[in-house]
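Have a look at the structure below before the remarks.
The values are calculated or read from the model by the stated rules, or taken from the named source; none is laboratory data. If you're wondering where the values come from, they're calculated on a predicted model, not measured in any experiment. Cβ coordinates were reconstructed from backbone atoms using ideal geometry, including for glycine residues, and neighbour counts include every protein chain displayed. For the accessible areas, the whole protein counts, side chains as well, though only heavy atoms, and no ligand, DNA or RNA atoms are used. Shrake-Rupley method; radii C 1.70, N 1.55, O 1.52, S 1.80 Å.
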Amino acid sequence: MPSKPRSLWDSITAAGTPAGRLHGAGATVALADLASSTSLGGRVEALRGRSVLLIAKDSLRAALAMLELDGVAARMVLCPADLDAAHLPPVARNAAADACVGDAGGATAELEGIRVRVDVDPELTAAPGPRVRSHETEWVLLTSGTTGVPKLVSHDLATLTDALTDTRPGAEPVVWGTFYDIRRYGGLQIFLRAVHLGSLVPADPGEPVPAFLERARAAGVTHISGTPSHWRKVLMSGAVSTIAPRYVRLSGEIADQAVLDALRAAYPQAIVAHAFASTEAGVAFEVRDGLAGFPASFIDAPGGRVRLTVTADTLHVRSGGNAHGYLGDDAGSFQRGSDGAVDTGDRLEERAGRYYFLGRQGGVINVGGLKVYPEEIEAVINSHPWVRMSLVRSRHNPITGAIVIAEVVLADETPEAQRPAPEVLARDLIHSCRQSLAAYKVPASIRIVPRLEVSAAGKLVRPNA
């Protein structure tokens with residue numbers, strides 16, 4: 001008789017009773033307590049073998065549900081906190097969902113096909129019996145950055161933990177913090193690392209940066225992750241010195257040299273690393289040398305867990321962390337190369353033995369037939385000492401079809417009284433761009449703005465993203 005699949009709970013308890021904790025905004029739960037308790041009100045069996053929508057808005061509830069559902073549900077669909085309510089019905093249909101787990105009073109009554117509804121509660125109750133695994137749960141994540149119904153990406157515990165080379169707790173306690181929604185790929189990776197190696201402090205949707213950093217400090221955070229946009233918000237918050245982590249991680253967007261240097265200055269005692277990962281491709285690599293981009297030696301490197309190639313200037317990734325494919329309406333549209341590697345759609349350029357990300361293939365601006373990647377221009381603008389962050393986009397032009405314009409948020413380090421007038425600042429930034437970029441890439445105009453919109457996924461909100 002074949003052995004039953006290994007569950008997440010089995011994995012984190014393989015070395016003994018876990019000592020870590022989940023630090024929510026309103027409660028803290030010791031992982032060890034889940035050995036004899038449940039957050040699902042004794043209704044685990046009602047969810048066994050089902051396709052379950054996880055729609056809890058609260059990060060702590062979501063974390064508890066994931067720990068209990070893996071090995072029980074046939075399929076677990078992680079719905080981010082910012083999922084548009086209008087997209088929930090097609091997501092449920094594409095996942096063939098027949099159960100949901102969420103917060104008390106969640107608005108799921110109108111979903112067709114849902115036969116079982118269970119609330120998750122951080123106030124644990126005694127479990128009705130020993131934890132029993134019965135299924136190799138399919139983990140389904142939703143893509144971000146689209147304006148339509150998100151795609152459903154199929155993983156399992158093996159693909160999601162492929163990048164975890166060591167799941168044994170070390171001598172020193174590890175407390176992970178993350179700005180990410182743990183129901184999205186970047187946040188889920190941190191959640192999995194945390195429960196295997198120590199504790200987790202997840203941010204809650206809409207939580208102010210200073211409040212989250214204070215919770216992280218109180219929990220003794222040692223490692224913390226977010227997108228470059230998350231970290232720029234930290235640097236602008238006035239609360240950057242609240243924490244003193246040993247390790248700072250950036251992913252989800254291009255990490256330019258300006259934000260890496262700013263974090264190195266803010267946290268001189270920490271390793272500042274940036275990583276590349278995507279929901280479809282998995283975790284590809286991490287860079288710890290303090291420089292933007294990554295060494296060309298990463299490409300076509302022999303052996304190793306991940307195989308990276310560049311085809312038509314686009315990064316391809318093949319590893320045990322690749323997703324299995326899409327579900328529902330998008331089934332069959334998964335982009336793989338002839339060697340089975342996932343085409344990430346991220347454009348690269350090699351300069352002096354190092355590869356640099358230019359931007360997403362779908363985000364290109366066409367200026368008179370010439371391709372412009374917004375992120376390349378933003379990296380130049382962000383390198384100016386007056387600038388904290390920027391957003392480059394297109395504006396219609398009757399001659400070239402489009403021109404490049406930019407919006408800029410200034411760094412706090414420059415006192416307002418010492419700053420030149422906005423039009424002088426804009427001219428200086430345009431001059432900097434002319435020194436570094438081809439003429440067609442130089443913004444036709446730059447506007448100073450107080451803030452830029454960042455999505456719940458922690459990424460700059462881009463037109464037509």
- request: Identify, by number, the condition in (1) without any contact (Cβ under 8 Å) to a residue 60 or more places away in the chain; (2) surrounded by fewer than 24 Cβ atoms within 10 Å (Cβ to Cβ); (3) assigned to a strand (DSSP E or B) that Ala277 doesn't meet.
  value: (1)
query: Somewhere in the range 68-82, is a residue of a type in the set (Gly, Ala, Ser), at pLDDT 95 or above and open to solvent by 10 Å² or more (accessible area, probe 1.4 Å)?
result: yes
task: Can you confirm whether the range 101-118 contains a residue that is surrounded by fewer than 17 Cβ atoms within 10 Å (Cβ to Cβ) and modelled with pLDDT of 95 or more?
output: no
- request: Among the numbered conditions (1) touching a Ser or Thr at 6+ places or on another chain (Cβ under 9 Å); (2) open to solvent by less than 10 Å² (accessible area, probe 1.4 Å), tell me where Ala56 comes up short.
  value: (1)
task: Hey, can you tell me all the residues within the range 248-269 that are open to solvent by 40 Å² or more (accessible area, probe 1.4 Å) and among the polar types (S, T, N, Q)?
output: Gln257, Gln269
task: Quick one: in the range 337-346, of everything that is part of a loop (DSSP other than H, G, I, E, B) and surrounded by fewer than 19 Cβ atoms within 10 Å (Cβ to Cβ), which residue is modelled with the highest pLDDT?
output: Gly340
- request: Please specify each residue of the range 149-167 satisfying the condition of being over 19 Å from Ala63 (Cα atoms), open to solvent by 30 Å² or more (accessible area, probe 1.4 Å) and touching a His at 6+ places or on another chain (Cβ under 8 Å).
  value: Val149
- line: Of the residues in the range 8-32, those that are surrounded by fewer than 14 Cβ atoms within 10 Å (Cβ to Cβ) and among the aliphatic types (A, V, I, L, M) number 3
- request: Would you be able to tell me the number of residues in the range 46-86 that are on the phi > 0 side of the Ramachandran plot and in contact with a helix residue (DSSP H, G or I) (Cβ under 8 Å, 6 or more places away or on another chain)?
  value: 1
message: What's the total number of residues in the range 210-247 that are surrounded by fewer than 19 Cβ atoms within 10 Å (Cβ to Cβ) and among the basic types (Lys, Arg)?
response: 2
query: Does any residue of the range 353-366 turn out to be more than 26 Å from the chain's Cα centre (by Cα), farther than 30 Å from Val283 by Cα and not basic (Lys, Arg)?
result: yes
Criterion (closer than 25 Å to Lys151 by Cβ, touching an Asp or Glu at 6+ places or on another chain (Cβ under 8 Å) and open to solvent by 30 Å² or more (accessible area, probe 1.4 Å)) met by exactly one of Asp329, Asp313: Asp313
- prompt: Out of all the residues in the range 446-465, which are modelled with pLDDT of 85 or more, open to solvent by 50 Å² or more (accessible area, probe 1.4 Å) and assigned to a loop (DSSP other than H, G, I, E, B)?
  reply: Pro450, Arg451, Glu453, Lys459, Val461, Arg462
task: Go over the candidates Val259, Val248 one by one and state the one that is assigned to a helix (DSSP H, G or I), at pLDDT 95 or above, in the same structural domain as Val77 (by TED's automatic domain parsing) and farther than 30 Å from Ala92 by Cα.
output: Val259
- request: Considering each residue of the range 403-437, count those that are among the small types (Gly, Ala, Ser) and within 16 Å of Arg462 (Cα to Cα), and give that number.
  value: 1
query: Given the residues Val461, Val404, which is the only one that is under 29 Å from Ser237 (Cβ atoms) and outside the structural domain of Thr227 (by TED's automatic domain parsing)?
result: Val461
- prompt: Can you name the number of the only condition in (1) free of Cβ contacts under 8 Å to residues at least 12 places away in the same chain; (2) open to solvent by 70 Å² or more (accessible area, probe 1.4 Å) that Ala301 fails?
  reply: (2)
task: Can you tell me which residue among Ala352, Ala402 is among the small types (Gly, Ala, Ser) and either surrounded by 13 or more Cβ atoms within 10 Å (Cβ to Cβ) or touching an Asp or Glu at 6+ places or on another chain (Cβ under 7 Å) (or both)?
output: Ala402
- request: Restricting attention to strands (runs of 3 or more DSSP E) lying wholly within the range 347-426, give those where 1 or more residues are at positive phi and in contact (Cβ under 8 Å) with a residue 40 or more places away in the chain.
  value: 354-360
The range 120-139, residues that are of a type in the set (D, E, K, R) and either touching a Lys or Arg at 6+ places or on another chain (Cβ under 7 Å) or not in a loop (DSSP other than H, G, I, E, B) (or both): Arg133, Glu138
- prompt: Which of (1) surrounded by fewer than 18 Cβ atoms within 10 Å (Cβ to Cβ); (2) more than 28 Å from Ala95 (Cα to Cα) is the odd one out, the single condition Phe334 does not satisfy?
  reply: (2)
- request: Considering only residues that are among the hydroxyl-bearing types (Ser, Thr, Tyr) and within 27 Å of the chain's Cα centre (by Cα), look in the range 28-60 and name the one that is farthest from Glu123 (Cα to Cα).
  value: Ser51
query: Which condition breaks for Asp289 when tested against (1) in contact (Cβ under 8 Å) with a residue 60 or more places away in the chain; (2) of a type outside the set (Lys, Arg); (3) open to solvent by 30 Å² or more (accessible area, probe 1.4 Å)?
result: (1)
